[in-house]
Amino acid sequence: MNFNLSQIPERSQKPRKDGLTMVMDKGLSVEEARNFLSVCHPHVDIIKLGFGTSFVTPNLKDKLKVYAEHDIPVYFGGTLFEAFLIRNQFNDYIEVCKEFNVGYMEVSDGSINIPHAEKCGYIEKLTKHGIVLSEVGSKDAEHIIPPYKWIELMRAELAAGSAYVIAEAREAGNVGIYRGSGEVREGLVQEILTQIPAEKILWEAPQKAQQLYFIELIGANVNLGNIAPTEVIPLETMRIGLRGDTFDLFLNKEAVE
């Protein structure tokens, strides 16, 4: 940090196992990626190339090289995994990850229906090739999954080998663990946390109010995902009480009065 301030909550150090910030890259150029990391790399833990953007992004290997130079793992969005799967190209997906030196992989079923035992089978297979993150929740706002089912699915996917389970929200933050308005389904979240360790869940939280909710609920070292590149520094300040929303959250008021 640039100067000394007391009463700043301790952030886990990179490479972190919790307190992760996952950034969604929806099509940054090579130079934009380089400029972004020139400021934000200490605060970025994982980068997701959103949905199917990696298929159409020019100079993809050059951009991945920039991320690799900063020791930041990258993975393709779960929608791309599903696109390969529905075309019976699962093995091709593995080969693409190898070709592009992508060692993290997302297994999701937000766009297609995959029997859950089969999904867990894909997780198990992919753990032989890299680190697996699996996403729970539907992209269909009309498909409401009850809390007990979220817990059941998350538990099974962690047992199958997922390093983290991702709580679905889409890039807009208006499905899955959120209502259409973006409001957190608090009862769902709190029930999940009675059974699944917080450090094993990556909460997709693209909106500031959503990020604030999880920081207040879990603390500075909550895992948050689908963060826009321009929001990484603002999020880090919110994590440590240097933004108005969390200014009082970590202060010992008696010590500063």
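Across the chain, Cα pairs under 8 Å and at least six residues apart give a relative contact order of 21 percent.
Out of every Cα pair in the stretch 155-257, what percent are spaced more than 19 Å from each other? Of the Cα pairs, 46 percent sit more than 19 Å apart. Take each peptide in 110-121, 235-246, count the other Cβ atoms within 10 Å of every residue, and average; sorted highest first, the result is 235-246, 110-121. With all pairs of separate Cα atoms included, the stretch 150-192 yields a Kirkwood hydrodynamic radius of 11.1 Å. Mean residue ellipticity at 222 nm, helices only, the chain: -11000 deg cm²/dmol; runs of at least 4 DSSP H residues each add -39,500 (n - 2.57), and the sum is divided by the number of residues. Candidate cross-link partners of K63 among the lysines, defined by an alpha-carbon separation under 20 Å and a same-chain spacing of 8 or more, comprise K26, K48, K98. Each of F55, P42, A220 was scored by the projection of its Cα onto the charge dipole of the chain, and the greatest displacement toward the positive side belongs to F55; charges sit on the C-beta of Lys, Arg, Asp and Glu. On the basis of the beta-carbon distance and an R0 of 41 Å, I112 and L242 show a calculated FRET efficiency of 0.45. Since only Q195, S12, Q211 are under comparison, the one whose Cα sits farthest along the positive direction of the charge dipole of the chain, derived from C-beta charges on Lys, Arg, Asp and Glu, is S12. Length gained on full extension, E186 to E152, computed as 0.36 nm times the residue gap minus the Cα-Cα distance: 10.4 nm.
Here the calculated FRET efficiency for A163 and I233, from their Cβ-Cβ distance with R0 = 45 Å, stands at 0.95, rounded to the nearest 0.05. Around the Cα centre of the stretch 117-243, unit charges on the Cβ atoms of Lys, Arg, Asp and Glu (plus for the first two, minus for the last two) sum to a dipole of about 160 debye. Divide the volume of the convex hull around the Cα atoms of the stretch 1-129 by the residue count and you get 128 Å³ per residue. From most to least packed by mean Cβ count within 10 Å, the peptides 49-58, 200-209, 71-80, 22-31 give 200-209, 71-80, 22-31, 49-58. Computed extension length for F3-I145: 46.5 nm, one decimal, from 0.36 nm per residue of separation with the Cα-Cα distance subtracted. Averaging the Cα positions of each part gives two centres, and for the stretch 215-243 and the stretch 58-80 these lie 22 Å apart. Extending 7 Å from Cα along the Cβ direction at K128 and again at I86 yields two label points whose distance is 2.7 nm.
Checked against a 30 Å cut-off, the cross-linked pairs K61/K128; K14/K61; K61/K208; K128/K208; K17/K61; K17/K125 give Cα-Cα distances beyond that limit for K61/K208; K128/K208.
Ellipsoid semi-axes for the chain, based on the Cα gyration tensor and the rule √(5λ), read 30, 23, 15 Å when sorted largest first.
All of the numbers you see were taken from the coordinates with simple rules; none came from a lab. None of these values were measured; they are calculated from a predicted model. All Cβ positions, even for glycine, are placed from backbone atoms using ideal geometry, and neighbour counts span all protein chains on display.
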